[in-house]
Structure formats: structure tokens, C-alpha cells
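K.L.:
Handing you this structure, nothing more for now.
No lab work stands behind these numbers, since they all come straight from the coordinates. Just so it is clear, the structure is predicted and the values come from calculations on it, not from any experiment. FYI the Cβ positions are ideal-geometry reconstructions off the backbone, even for glycines, and counts take in every protein chain you see.
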Amino acid sequence: MATAGWCVLFVEFVGRPSGGALADPRPGAVFFAVWTSLVAGWLCCRVGLWRLTADRDGVHIRRMWTVTFLPWSEIERVEPRRDGLLEFVGTTQAPPAGLFPPPWAGRLARRSRGAGVRAAQALTEMARHVDARPQVRAGRATIGSAFASR
């Protein structure tokens, strides 16, 4: 859906040469079209990883196509990666999740600890200690659904 929206905006606002379209493309315009499409595609995929919801049973990870549930018993720790995503380390393979600024962006903003590091520490604490976990079960409105269905 985001891709279709991007294509409509791109076709509407891109400057077209007078009297032609792809018959005589300019290298600069083609490079701009490819580069902006790649950046927009990367951004849409990245935004699709942003939502994490912790409840008394585990962590719900909303992704582009599905919502993955990880029970607390399968999570040993959560580590922030260099790209700003959170990696769940445990007994099963879990997808990386979260949309946080990477550590280098936090250093540029002169912040000692970024939001991703704080989220990883909080989730690790919840995984290790039962009393640190939320006491209620997350509802459907809180967990959300995937951005697109297959």
C-alpha cells in the first residue's frame, strides 16, 4: 500500500521532459528515479518493523506481514544492534524488531543512551524477572495487526 502511494506521488510530482517520457531519458533523471525509489522502499520496510508490545505472556512483534509472538520463556535477553533494531536472543530464532535511531545518531545528538538501548534493557529485565513484567494481557487494539495481509 505504501509502495502504491509512493508510485502515485512519484508519477505526479516528478518533472518530465517536454515531448517525451522514456524515449530519450536523461541520465540524471533516471538516477534520481532509481535512487529515490530505493530509499523510499527501504524506509517503508524499516517503518514496518516499529511496533513492539509487551504483556504478561510475552512480546508481540508487529512486522510488515505478520504479528509474531515470543513468550517470555523463549527470551534470554534483548540486544540493540548497530542499525537500531533489537535482536531477541533465546531458544528460538526471532526476527529483529523495533524502529530506534542507531547508536551513532544518539552520539551525534549528544545523548548518553538511546531509546533502543533503554528498550533492550527494559525487555531483558522483563524476560529475567517475572515481577518486572506487565500484569495484564494486551488487547487486539494494543497489539495491532500487520500492515498488509498476504
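K.L.:
R81 to V136: extension gain in nm, 0.36 nm per residue of separation minus the Cα-Cα distance?
P.N.:
Working: separation 55, 0.36 × 55 = 19.80 nm, distance 2.89 nm.
Value of the extension gain: 16.9 nm.
K.L.:
What net charge do the residues around P80 carry, taking every other residue with its C-beta under 12 Å from that of P80, with Lys and Arg at +1 and Asp and Glu at -1?
P.N.:
+2
K.L.:
Under the rule of at least 5 residues apart or a separate chain, name every residue whose amide H is placed under 5 Å from the amide H of E76.
P.N.:
V89, G90, T91
K.L.:
Take peptides 58-71, 90-103 and line them up by average Cβ neighbours within 10 Å, highest first, as a rough protection proxy.
P.N.:
Numbers: 58-71: 17.6, 90-103: 15.9.
Sorting 58-71, 90-103 by mean packing, highest first, produces 58-71, 90-103.
K.L.:
While we're here: With the cut-off at 1.5 for a/c, could you classify region 73-146 from its C-alpha gyration tensor as rounded, prolate or oblate?
P.N.:
prolate
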